[in-house]
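**Q** The following block contains the structure, expressed as structure tokens.
A short reminder: the numbers here are calculations on the coordinates, not readings from a lab. All values derive from a computational prediction rather than experimental measurement. Neighbour counts are summed over all protein chains in view; Cβ atoms, including those assigned to glycine, are modelled from backbone coordinates with ideal geometry.
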Amino acid sequence: MITIELVDVDGLRVMGIKVELTHAPVLLLVGKKGFVGCGYFSVETANKLGDVMAIVSGVSTFEDMLNATIISTSEKAQEMGIVTGMKGKDAVKLLA
């Protein structure tokens, strides 16, 4: 099953996409400038494509993503001030 919903982050809205899989969901929070994804996504691919992307891990809901710590970022995300160790919520605010 695929779920798409608007996720509000301090008055800013991003699109949340959730794909239910057998062992864990694939989660994505998409803003106008880039996205935060779960551990299924590849920073190496984002760098090759020039995408702005940050990764969180161990999440199963959009709320989990907002509260999780960024574990990896693309080069373009780093240029926007998104760094490992920051909260997903703070990264999403920069991407909305």
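**Q** What spacing in nm lies between the two simple spin-label points modelled at MET15 and THR61, each 7 Å away from Cα in the Cβ direction?
**A** That separation, rounded to one decimal, is 2.3 nm.
**Q** DSSP loop GluC sites (Glu not before Pro) in region 4-96 with at most 14 other Cβ atoms within 10 Å of their Cβ, which ones?
**A** Working: sites: GLU5, GLU20, GLU44, GLU63, GLU75, GLU79; in loops: GLU20.
Here the sparse-neighbourhood loop sites are GLU20.
**Q** What pairs in LYS18/LYS48; LYS48/LYS87; LYS48/LYS76; LYS32/LYS93; LYS33/LYS76 have C-alpha atoms more than 18 Å from each other? Could you put the intermediate results ahead of the total?
**A** Details: LYS18/LYS48 24 Å; LYS48/LYS87 25 Å; LYS48/LYS76 11 Å; LYS32/LYS93 10 Å; LYS33/LYS76 10 Å.
With Cα atoms farther than 18 Å apart: LYS18/LYS48; LYS48/LYS87.
**Q** A follow-up question, please. About the Cα centre of the chain, what is the dipole size in debye to 20, counting +1 per Lys and Arg Cβ and -1 per Asp and Glu Cβ, all else neutral? Don't skip to the end; give the middle numbers.
**A** Working: 9 positive and 11 negative charges, 37 e Å.
That gives a dipole near 180 debye.
**Q** Continuing with the same structure: In the Gaussian network model of the chain, springs joining C-alpha atoms below 10 Å, which of VAL19, VAL56, VAL83 carries the largest mean-square fluctuation?
**A** VAL19
**Q** Turning to a different aspect of this structure: Region 5-70: which chymotrypsin sites (Phe, Trp or Tyr not before Pro) are DSSP loop and have at most 15 other beta-carbon atoms within 10 angstrom?
**A** TYR40
**Q** Another question about this same structure. Which residues does a label at GLU79 reach in region 12-53, if reach means a backbone N under 11 Å from a point 7 Å past the Cα toward the Cβ?
**A** 50-52
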